[in-house]
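Reviewing the structure listed below.
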Amino acid sequence: MAKISINLATGTLQKAEIIAGIDLGTSNSLVAFIDPDNKPMVINDTGKGRLVPSIVHFDAAGQVRVGHEAKDLLLTAPAENQPHSPIEVSAEILKELRKRAEHALKTPVNKVVITVPAYFKDSQRQAVRDAGRLAGLEVLKIINESTAAALAYGTGLDPAQQKTIAVYDLGGGSFSISIYKIQNGKYEVRSAIGNSFPAGNDFDQAIINYWIESNRLDAAATTADHGLMQQLRLKAETAKIALGSQNLFNEKLGDIWCTLDKQTFEKLIAAMVAETINSCTQALADANITLAGIDDLLLAGGSTRTPYVKEQVAAYFGKQPNDQINPDEIVALGAAIQADIMAGNRSYISLPDEDVHIDEALTPAAAQRMLDEARAEGEQLAYLAGQFIERHRFVLTSMDISGTREILDKLRAALKQDDPAIIRQFTNELNEFTRPFAARLMKN
């Protein structure tokens with residue numbers, strides 16, 4: 001029999017150890033748990049809300065702020081020229097989520113399940129595990145965001161019922177379309193396509209570009225002004241959300257008119273939304289399923305709140321999406337259910353192993369995607385590693401620096417080739433070589 005204790009916040013009985021589910025998102029992050037009534041619930045810490053902006057601010061004194069506090073400082077103290085690794089930033093976000101969970105639940109949280117975009121490679125998944133470890137958490141499992149969404153949806157199904165569902169997931173920093181077959185508690189991934197473009201942040205950038213052009217601003221000078229760009233990004237996000245319920249957004253930022261009507265906004269994002277629809281066509285072909293074979297359409301990610309997105313997706317699939325679960329929360333709720341499975345409950349549910357990335361079939365389009373993704377990942381890591389050793393050159397050993405530079409040279413040479421395997425080889429090698437001393441420095 002499992003041990004039980006009393007939750008001081010609710011006065012109800014609960015398991016002695018809570019395993020939380022975390023949606024570590026590009027734009028916002030959330031943490032969820034299974035409540036005493038066996039239902040998944042996103043934590044709403046008093047006065048702070050459910051969504052935690054995935055923003056971290058490091059000031060000159062070493063103080064760290066996360067979430068809304070950090071977002072407020074984007075304008076007043078953007079902290080330029082202070083590069084930090086994705087692992088370091090993610091660890092701070094995870095620390096904040098853990099703190100909020102422990103404050104709300106009045107109990108320690110040491111173990112978690114974390115979701116990642118479906119296109120994340122092995123090195124990126126390992127980086128999430130490393131971030132969890134730096135945050136003092138044991139990451140029990142990594143699952144894809146789309147799988148978490150399908151899990152949140154499918155737990156209410158009759159175990160004997162068979163359904164094929166499409167999960168259209170458009171967040172702030174990533175997009176994926178996944179086809180699942182659910183039967184007898186087993187989740188089978190029939191196909192999945194994901195990438196970092198297009199996404200909600202790209203919608204924001206399209207709005208910014210439009211304002212630069214309509215105000216006849218110098219594009220190069222505007223882009224170089226980091227403070228102004230931060231203000232424009234926040235204003236573009238505000239406009240995007242406002243146009244979900246109104247036809248015109250009209251505000252001023254200094255001398256810049258930030259005017260945008262709904263029709264123009266939809267024209268700005270039309271090509272990007274069409275690109276996601278093309279991915280849906282490819283996913284159906286990969287799964288060998290027709291549109292008529294999709295029983296339910298599920299939306300995940302905050303950008304699916306955009307009416308134009310919802311309309312286009314519904315028109316393509318020929319059915320209205322299932323919107324019974326908040327698209328901002330569905331991934332975190334699914335992560336909490338996976339955490340409950342890891343705790344030994346819901347043993348009747350069987351999910352695919354997603355702790356490692358399984359490459360898709362090598363069609364020409366897929367091969368090009370693999371190359372583009374490998375290059376993007378390699379270029380990002382090369383930049384961050386170069387910045388890291390420069391920033392910490394006075395405390396790193398000569399072997400740390402020379403070894404990093406040697407692998408960097410190999411990676412940069414590989415980036416000029418058309419072989420994703422070689423690029424990944426040196427990307428992983430650089431990750432593995434720098435991980436020990438990067439972790440050591442971040443703990444100090």
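Bear in mind these aren't lab numbers, they're just calculated from the coordinates by the rules spelled out. Just so you know, these numbers come straight off a predicted model, no measurement behind them. Every residue, glycine as well, gets a Cβ built from its backbone with ideal geometry; the counts of neighbours run over all protein chains shown.
Laid out as a table, the results:
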read-out: Overall dimensions of segment 121-169 as given by Cα atoms, namely Rg and Dmax in Å; value: 14.8, 42
read-out: Neighbour-count order for ASP72, ASP418, fewest beta carbons within 10 angstrom listed first; value: ASP418, ASP72
read-out: For segment 364-443: relative contact order, % (alpha-carbon pairs under 8 angstrom, 6 or more apart); value: 38
read-out: Three-way shape label, segment 54-141, alpha-carbon gyration tensor, a/c 1.5; value: oblate
read-out: Efficiency of FRET between ARG233 and ILE401 - r from beta-carbon atoms, R0 56 angstrom, step 0.05; value: 0.95
read-out: Magnitude of the charge dipole, segment 210-257, Cβ model with Lys/Arg +1 and Asp/Glu -1, debye to 20; value: 140
read-out: Label-reachable residues, segment 111-154, where backbone N falls under 18 Å from a point 7 Å from ASP35's Cα toward its Cβ; value: 152-153
read-out: Cα convex hull of segment 200-266 - mean projected area over all directions, nm²; value: 4.1
read-out: Cubic angstrom per residue, convex hull over Cα atoms of segment 255-360; value: 182
read-out: Dipole magnitude (debye, nearest 20) for the chain, charges at Cβ of Lys, Arg, Asp, Glu; value: 860
read-out: Sorted peptide list for 391-399, 142-150, 274-282, 127-135, criterion being average Cβ within 10 angstrom, highest first; value: 142-150, 127-135, 274-282, 391-399
read-out: Percent of beta bridges antiparallel (DSSP, segment 4-146, rounded to nearest 5); value: 60
read-out: Options GLN380, LEU151, VAL313, ranked by Cα towards positive dipole end of the chain, top entry (Cβ charges); value: LEU151
read-out: Percent of beta bridges antiparallel (DSSP, the chain, rounded to nearest 5); value: 70
read-out: Positive-end extreme of charge dipole, segment 200-266 - chosen from ALA206, ALA224, ALA239 (charges on Cβ); value: ALA239
read-out: Burial order of peptide ranges 375-382, 322-329 (average beta-carbon count within 10 Å, highest first); value: 375-382, 322-329
read-out: About the Cα centre, charge dipole magnitude for segment 164-277 (Lys/Arg +1, Asp/Glu -1 at Cβ), debye; value: 400
read-out: Span per principal axis, largest first, for the Cα atoms of the chain (Å); value: 59, 53, 48
read-out: Pairs beyond 30 Å (Cα-Cα), from LYS71/LYS252; LYS141/LYS181; LYS95/LYS267; value: LYS95/LYS267
read-out: Length released on extending from THR281 to PHE394, taking residue separation times 0.36 nm less the Cα-Cα span; value: 35.4 nm
read-out: Farthest toward positive dipole pole in the chain [+1 Lys/Arg, -1 Asp/Glu at C-beta], among ILE179, ILE330, ILE294; value: ILE330
read-out: Rg(Cα)/(2.2 N^0.38 Å) for segment 364-443, N = residue count; value: 1.16
read-out: Label-to-label distance, nm, for residues given as ALA77 and ALA315 (7 Å Cα→Cβ offset); value: 4.8
read-out: 5 angstrom amide H check on SER54, placed H, neighbours 5+ away; value: ASN28, SER29
read-out: Mean separation of Cα contacts under 8 Å (6+ apart) over length of segment 200-266, as relative contact order %; value: 29
